[in-house]
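Student: Input: one structure, supplied below.
Please treat every number below as a calculation from the coordinates, not as lab data. Predicted model only: the values in this text are computed from it and were never measured. A quick note on method: Cβ atoms are made from the backbone with ideal geometry, for glycine too, and the neighbour counts reach across all protein chains shown.
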Amino acid sequence: MKVRWTSGSIRFRITPQELSALEHREKVTEVIVFPGGRTWKASITPSGGETRVQLVDNIATLFLSDLDIAHLASPEVEGVYFGGLNADDLRYLVEKDFPCVHPRASHALDPATETFTPPSDFAERKAVPLTS
C-alpha cells in the first residue's frame, strides 16, 4: 500500500492483492521505521460499521465499511472518497493503484509494484487537466 498525506488529506493506494485481502476481511498495513526504531503505521481495517478514520499511538487506521469495500471492488470504480465536507475536515481516500502514465525517474529507485489494469480511457483522462 502506498500512503500519501498532506495537511488536509490522507490517501491510501492499494494493490489488487490488498483489495483481495480487504474483501476477505483482512487488515492491510504499511509500516515505516524511522532511524532509532520509531515507527508510523497506516492501515485499512474492514469494518462492519461505518467508514471512519482514527489516529491512535502513531497508527492511522481507516475503518472501511463492507459496503465501501464492495463498491471499491467494482471494476469500473477507481476509488472511494470520504470527508472534506467542511474546510477543516480531513479528506481520506482509498484508490486502486494503476500504472503511472508517465515514465518513472530511474534515480528515484521506486520498486516495481503490482497494479490494477487501468480502464481503457485512463491515460487520456490523466493527460487532460481537470477543470472546475
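Student: DSSP beta bridges in segment 1-81, what fraction antiparallel, as a percent rounded to 5?
Tutor: Around 70 percent of the beta bridges assigned by DSSP in segment 1-81 are antiparallel ones.
Student: May I pose another question? Can you work out the FRET efficiency for the pair residue 56 and residue 120, with r the C-beta to C-beta distance and R0 = 35 Å, to the nearest 0.05?
Tutor: 0.25
Student: Under a plain spin-label model, where a point goes 7 Å from the Cα along Cα-to-Cβ, how far apart in nm are residue 23 and residue 76?
Tutor: For residue 23 paired with residue 76, the spin-label model returns 1.8 nm.
Student: So if each residue of separation counts as 0.36 nm, and I subtract the Cα-Cα distance between residue 66 and residue 2, what length gain in nm does that give?
Tutor: That works out to 20.9 nm of additional length.
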